[in-house]
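Undergrad: Quick one: this structure, given as structure tokens, is what I'll be asking you about.
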Amino acid sequence: MRVSRRTLLAAGAASALAPVVAGAQNGGSNAARFSLGFAPHEGSFASRGGLIEQIAFAADQGFTAWEDNEAPSRPVAEQKRMAKALRDRSMTMGVFVASMPKWAQSRPLLGANDGAEREAFLADVRSSIEIAKRLDAKWMTVVTGFMDPKVPVDIQTARVIDVMRRAGDIVAPHGITMVMEPLNTRTNHPGVYMQSIAQGFAVARGVNSSAVKILADLYHEQIQSGNLIPALEMCWSEIGYIQFGDNPGRNEPGTGEINYSNIVKWLRSRHYPGVIGMEHGNSIEGRAGEDRLIAAYRQIDQ
């Protein structure tokens, strides 16, 4: 996860792979619905207009879900318009970020001796409940902060478990699942606390709440640990949400080394019913890149 999906999309590099055009209809409304809950975001179809126009275009291409990390920063009126657009198109709202880290400052330190940042984190979670209700959202993303070099790792882990248990108690009565996102430290997020799905599994088991699960972003996991399908298999009971993005480049499936066709087959074998966030940019800029994005998901949706 990064602060701005718009920035990520604008920085998409040209791909050496030829576009796969089957199934990518330019603006048509008769495309088959995707069989899995692939979720674009604002910027995935930037050439089609603003946020509401992009949602409409995505629905016309057969997408059944949407996600918006930056939803809390939007005016309430815009949140309401987005929710209505999704309801009108029978699309599921995916994650938004409940408590945005201060990336440049490497904060918060949820395992620190001082509990002030834990309390601020919990305040963010409380304030996100109304946003979730407004958006009809059932999931919210959290990042478990950064490492505190002054505190032993085991102590930090215990404190992260404690604060996540408290956060789970806040969201559970509202039918919301808080998904913790492990992030890679090799390319994007040096110094974060949670760095792998396995580490997320340990924290989630410690929290022991149906309201606190793992967001398995396979781009981050491939960089940090690899071994994707076995990792999903071992940790499946604590995974509540999935995100795709190929590596290297963090663009659509087929532009990197991850065999997303096999990942999709594995998810089908587990009867995964949830959202799969398209947490990446487009490898080609403009409308051609948008068509290629659609085609890439058609190719793996077999």
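The values are calculated or read from the model by the stated rules, or taken from the named source; none is laboratory data. Fair warning: this is a prediction, and the values are worked out from it, not measured in the lab. Note that each Cβ is placed from the backbone with ideal geometry, even for glycine, and that neighbours are counted across all protein chains shown.
Undergrad: Consider D136 against the criteria (1) in contact with a strand residue (DSSP E or B) (Cβ under 9 Å, 6 or more places away or on another chain); (2) closer than 22 Å to A198 by Cα; (3) surrounded by fewer than 17 Cβ atoms within 10 Å (Cβ to Cβ): it satisfies all of them except one. Which criterion is unmet?
TA: Result: D136 fails condition (2) only.
Undergrad: A further question follows. Within the group A231, A211, A198, which residue is farther than 14 Å from H280 by Cβ, among the small types (G, A, S) and in contact (Cβ under 8 Å) with a residue 40 or more places away in the chain?
TA: Residue meeting the stated conditions: A211.
Undergrad: Tell me yes or no: at least one residue of the stretch 171-194 is surrounded by 14 or more Cβ atoms within 10 Å (Cβ to Cβ), in contact with a Pro (Cβ under 6 Å, 6 or more places away or on another chain) and assigned to a loop (DSSP other than H, G, I, E, B).
TA: Checked against the condition, which is being surrounded by 14 or more Cβ atoms within 10 Å (Cβ to Cβ), in contact with a Pro (Cβ under 6 Å, 6 or more places away or on another chain) and assigned to a loop (DSSP other than H, G, I, E, B), the stretch 171-194 yields at least one hit.
Undergrad: Take M140 and decide whether it is modelled with pLDDT of 95 or more and part of a strand (DSSP E or B).
TA: Considered against the rule, which asks whether it is modelled with pLDDT of 95 or more and part of a strand (DSSP E or B), M140 comes out as yes.
Undergrad: Can I ask one more? Can you find a residue that is surrounded by 21 or more Cβ atoms within 10 Å (Cβ to Cβ), out of contact with any Lys or Arg (no Cβ under 7 Å at 6 or more places or on another chain) and among the acidic types (D, E) anywhere in the stretch 221-231?
TA: yes
Undergrad: Turning to a different aspect of this structure: Take the conditions within 19 Å of P101 (Cβ to Cβ) and free of Cβ contacts under 8 Å to residues at least 60 places away in the same chain and apply them to M178. Does it pass? Working first, answer last.
TA: Values: within 19 Å of P101 (Cβ to Cβ): yes; free of Cβ contacts under 8 Å to residues at least 60 places away in the same chain: no.
Against the criterion (within 19 Å of P101 (Cβ to Cβ) and free of Cβ contacts under 8 Å to residues at least 60 places away in the same chain), M178 does not qualify.
Undergrad: Further, regarding this structure: Give just the number: which of (1) of a type outside the set (K, R); (2) outside any loop (DSSP other than H, G, I, E, B); (3) in contact (Cβ under 8 Å) with a residue 60 or more places away in the chain does G254 not satisfy?
TA: Condition not satisfied by G254: (2).
Undergrad: OK, next. Please go through the stretch 169-214 and give me each residue that is of a type outside the set (D, E, K, R) and farther than 21 Å from F146 by Cβ, ordered by number.
TA: Passing the criteria: I170, V171, A172, P173, H174, G175, I176, T177, N208, S209, S210, A211.
Undergrad: Kindly indicate the residue of the stretch 195-221 that is out of contact with any helix residue (DSSP H, G or I) (no Cβ under 6 Å at 6 or more places or on another chain) and assigned to a loop (DSSP other than H, G, I, E, B) and also farthest from I258 (Cα to Cα) among those meeting that condition.
TA: Among those that are out of contact with any helix residue (DSSP H, G or I) (no Cβ under 6 Å at 6 or more places or on another chain) and assigned to a loop (DSSP other than H, G, I, E, B), it is N208.
Undergrad: S128 - would you say it is surrounded by 15 or more Cβ atoms within 10 Å (Cβ to Cβ), more than 18 Å from A71 (Cβ to Cβ) and within 20 Å of the chain's Cα centre (by Cα)?
TA: For S128, the condition - surrounded by 15 or more Cβ atoms within 10 Å (Cβ to Cβ), more than 18 Å from A71 (Cβ to Cβ) and within 20 Å of the chain's Cα centre (by Cα) - is not met.
Undergrad: Going by the conditions given, is L110 farther than 27 Å from L36 by Cα and in contact with a Ser or Thr (Cβ under 8 Å, 6 or more places away or on another chain)?
TA: Judged against the criteria, L110 is a match.
Undergrad: State all residues of the stretch 186-203 that are under 18 Å from the mean Cα position of the chain (by Cα), farther than 16 Å from I229 by Cβ and not polar (S, T, N, Q); if no residue qualifies, say none.
TA: H189, V192, Y193, M194, G200 - these are the residues of the stretch 186-203 that are under 18 Å from the mean Cα position of the chain (by Cα), farther than 16 Å from I229 by Cβ and not polar (S, T, N, Q).
Undergrad: Right, here's the next one. Taking the stretch 79-119 as the search range and keeping residues that are polar (S, T, N, Q) and in contact (Cβ under 8 Å) with a residue 60 or more places away in the chain, which one is surrounded by the most Cβ atoms within 10 Å (Cβ to Cβ)?
TA: Looking at the filtered set, the residue picked out is T92.
Undergrad: Further question: Of everything in the stretch 196-212, what is surrounded by 23 or more Cβ atoms within 10 Å (Cβ to Cβ) and more than 15 Å from D162 (Cβ to Cβ)? Give them in sequence order.
TA: I197, G200
Undergrad: I would also like to ask the following. Of the numbered conditions (1) out of contact with any strand residue (DSSP E or B) (no Cβ under 9 Å at 6 or more places or on another chain); (2) crowded, with 18+ Cβ neighbours inside 10 Å; (3) not small (G, A, S), E67 satisfies every one except a single condition; which is it?
TA: That leaves (1) as the condition not met.
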